[in-house]
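Each reported figure results from applying straightforward, stated rules to the coordinates on display, with no laboratory input. Model, not experiment: these values are computed from the prediction. Glycine gets a Cβ as well: all are built from the backbone with ideal geometry, and neighbour counts include every protein chain shown.
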């Protein structure tokens, strides 16, 4: 029994939403694209190629063993940032099952990292055996990030990050770390620096705040992290910040991620 009864539609309504997301207005065979399809209980059969299929055949949910209401409840919890342990109690599932599906949801997020321009704040953080470069376009929701698989960042890596994610002519704002010294000779940006030991924080306040929000997000949502999952958590956090419309509801999330892949 799912505790979130008011937030979870009926199975019939969920099925209708999924059918519209996956097939559009008209049901068709994932194999031959024929619309000559008959329905038998919970399965379909194509009259042209005689291939049976289900509503979720050809999607990343094709091997799911959970009921539609349970998977919808899990997606609802995840999109609403309900922590793993709390979701476990609400959905009456094991912590292992909840963690598995939360990871599936993360792995199927669309990739999106825009080119930053104008005023851009950039900083780095260190997590045991990993380093994180993070940049934010000031006054916007645009973020770019890169995980480096060692516990330090050098000037070459910082410059390569700029090559990829920051438009030429941007106004780059950083702290006084050595990796940013004369960075404008590596990439055409106008570089300004905060010296934190002199209590200068105005040029980096937004990016410093993003690091604080990231740590809070990981601690509250997933309780702890490890080098294995940190890149996924960072990608999820950045997309939640830059594209919040994906996470409004399970339907919004599925509309962006549940694409039909033709089966052979």
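Of note:
- Potential lengthening between residue 196 and residue 160 on full extension [0.36 nm per residue; Cα-Cα distance subtracted]: 10.5 nm
- Whole-Å distance, taken between Cα centres, linking the stretch 1-54 and the stretch 159-219: 48
- The chain, relative contact order in percent, only Cα pairs under 8 angstrom and at least six apart counted: 20
- Mean residue ellipticity (222 nm) of the chain, computed from DSSP H runs ≥ 4 via -39,500 (n - 2.57), nearest 500: -11500 deg cm²/dmol
- Förster-model FRET efficiency, 25 Å R0, residue 27 and residue 252, C-beta, rounded to 0.05: 0.65
- Helix 11-23 axis versus longest C-alpha principal axis of the chain: approximately 70°, rounded to the nearest ten.
- Modelled label reach - residue 140, point 7 Å along Cα→Cβ, the stretch 224-247 residues with backbone N closer than 17 Å: 238-245
- The eigenvalues of the Cα gyration tensor, multiplied by 5 and square-rooted, give the stretch 1-88 an equivalent ellipsoid with semi-axes of 30, 12, 11 Å from largest to smallest.
- If R0 is taken as 41 Å, the Cβ-Cβ distance between residue 167 and residue 15 corresponds to a FRET efficiency of 0.35.
- DSSP beta bridges fully contained in the stretch 63-202 are about 60 percent antiparallel.
- Relative to the longest principal axis of the Cα atoms of the chain, the long axis of helix 205-222 makes an angle of roughly 40 degrees.
- Folded to 0 to 90 degrees: helix 155-165 orientation relative to the chain principal axis, Cα: 50
- Prolate/oblate/rounded label for the stretch 53-119 (Cα gyration tensor, a/c 1.5): oblate
- Taking all Cα pairs closer than 8 Å and separated by 6 or more residues, the relative contact order of the stretch 119-242 comes to 25 percent.
- The ranking of 252, 194, 36 by Cβ neighbour count inside 10 Å, starting from the fewest, reads 36, 252, 194.
- Treating r as the C-beta distance of residue 213 and residue 184 and R0 as 22 Å, the FRET efficiency rounds to 0.20.
- Cα→Cβ-extended label distance, 7 Å offset, between residue 111 and residue 127, nm: 1.9
- Overall form of the stretch 47-187 per C-alpha gyration tensor (a/c, 1.5; a/b vs b/c): prolate
- The stretch 119-242 - share of DSSP beta bridges that are antiparallel (%, nearest 5): 65
- Shape summary of the stretch 119-242, radius of gyration then Dmax from alpha carbon positions: 14.0, 42 Å.
- Beta bridges per DSSP with both ends in the chain, % antiparallel, nearest 5: 70
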